[in-house]
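Structure record follows, encoded as structure tokens.
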Ligand code: AMP
Ligand code: MG
């Protein structure tokens, strides 16, 4: 299969949307831009295409897909019930980087929901994503377009090699504005529950909904065999090709600096992820900044590209961590997964 890469913004957008819509209706996969990360999309009415999503990604079949809709009104085509709390979330955060888990209509394929009787729904703010859904005329199931275990793609060029020959069309909408996957909140239990942190923050959800539980998978390491509310959370994600260690606390950079010296002394090739202004602290390392320490939005935009850049034959990666509040919680959560929860707490600085 030949993979076509079509770039938006060059006067051909309407034709590209039509082409994408046509392919999706016919049962092909199309890579689409969204504001969070690039998605590997299929019509929810094409079981063959839904199955190919799992094949192309190498994704376990019990890890359900998020259904993308062009406007909140389409939710009732997929969800059996749309409770008041969901309506309030749609009104406040849609279109945008928030996924809401609701009871599923029985006619929606179990391939979408990984066999669950619930379904995850999102109306993206990316105009391109919504135009493509409209052109397809049907909700689209779309997980992140990376192959399973690779960092999520935030630029079309991340996928050129990864998906070459596996999909007929990649629509290039430029770099993703948010950069981490959507916040996922479930409204299927006794209380709203945050399953995955993203750009819509926990405090924004609490402001609107009152108490919101936080799934253990957000910051904790799951015990083997434990059951999880967000099945995707149990898999090791975004794993770089070498071990990665995270450092927290005021002395993170200085502890990383001595660890770096030790590793370089052993002849190791080391990558360092730091904040802006710290780059010169780590001579001899492959250094990448994820942005200003206080700017979680920039960190979210950069984290996956940085992880991909550091997949370059290193022996170890040492990384700072953002404060796990606001959008920082989403960045922190993705880093924990990339590092397989190898987190070192450094002592606080003496006053
Ligand atoms: P991805 O689209 O690859 O970024 O992953 C989608 C995320 O949404 C995964 O963590 C899934 O486990 C989660 N998800 C999708 N559908 C459901 C559902 N019905 N219930 C709970 N979590 C879901
Ligand atoms: Mg993913």
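For the chain, what does the relative contact order come out to in percent, with C-alpha contacts under 8 Å and a separation of six or more?
Taking the mean separation of contacting Cα pairs over the length of the chain, I get 19 percent.
Length gain on complete extension for the stretch residue 268 to residue 206, per 0.36 nm per residue less the alpha carbon to alpha carbon distance?
Taking 0.36 nm per residue and subtracting the Cα distance, the gain is 17.8 nm.
Pop a pseudo-label 7 angstrom from the Cα along the beta-carbon direction at both residue 279 and residue 62 and give the gap in nm to one decimal.
4.5
Taking 7 Å along the Cα-to-C-beta vector as the label spot, tell me the residue 107-residue 5 distance in nanometres, rounded to one decimal.
The two pseudo-label positions are separated by 4.0 nm.
How big is segment 53-161 by the Kirkwood estimate over distinct Cα pairs, in Å? Each step should come with its number before you reach the end.
Numbers: mean 1/r = 0.0685 Å⁻¹.
This gives a value of 14.6 Å.
When ranked by the protection proxy of mean other Cβ atoms within 10 Å per residue, highest first, what sequence do the peptides 182-189, 120-127 form?
Peptide ranking by packing, descending: 120-127, 182-189.
Treating the chain as a set of equal point scatterers at the Cα positions, no solvent, please give the Debye-formula log₁₀ I(q)/I(0) at q = 0.07, 0.12, 0.14, 0.15 Å⁻¹.
Here the Debye-derived log intensity ratios amount to -0.29, -0.85, -1.13, -1.27.
Give the calculated FRET efficiency between residue 18 and residue 87 to the nearest 0.05, with a Förster radius of 41 Å applied to their Cβ-Cβ distance.
E between residue 18 and residue 87, to the nearest 0.05, is 0.80.
Counting DSSP beta bridges in the chain, what percent are antiparallel, to the nearest 5?
Of those bridges, close to 35 percent are antiparallel.
Divide by every residue of the chain the summed helix terms, -39500 (n - 2.57) for each DSSP H run of at least 4, and state the resulting mean residue ellipticity at 222 nm, rounded to the nearest 500 deg cm²/dmol.
Helices in the chain give a 222 nm mean residue ellipticity of -8500 deg cm²/dmol.
Go through 245-251, 151-157 and give me the packing order, highest mean Cβ count within 10 Å leading.
Ranked by mean Cβ neighbours within 10 Å, highest first: 151-157, 245-251.
Between residue 77 and residue 147, what FRET efficiency follows from the Cβ-Cβ distance if R0 is 25 Å, with the result rounded to 0.05?
FRET efficiency, residue 77 to residue 147: 0.25.
In whole angstrom, note down how far apart the Cα centers of segment 139-171 and segment 14-91 are.
First find each Cα centre; the distance between them is then 14 Å.
Please rank 158, 68, 341, 296, fewest neighbouring Cβ atoms within 10 Å first, as an exposure proxy. The partial results should precede the final answer.
Working: 158 20, 68 28, 341 14, 296 25.
In order of increasing Cβ crowding within 10 Å: 341, 158, 296, 68.
Under the Kirkwood approximation for Rh and a Cα-based Rg, what ratio Rg/Rh is obtained for segment 291-351?
My calculation of the ratio gives 0.99.
Bear in mind these aren't lab numbers, they're just calculated from the coordinates by the rules spelled out. Treat the numbers as computed from the prediction; the structure is a model and nothing was measured. With ideal geometry, Cβ positions are generated from the backbone for all residues, glycine too; neighbour counts draw on all protein chains shown.
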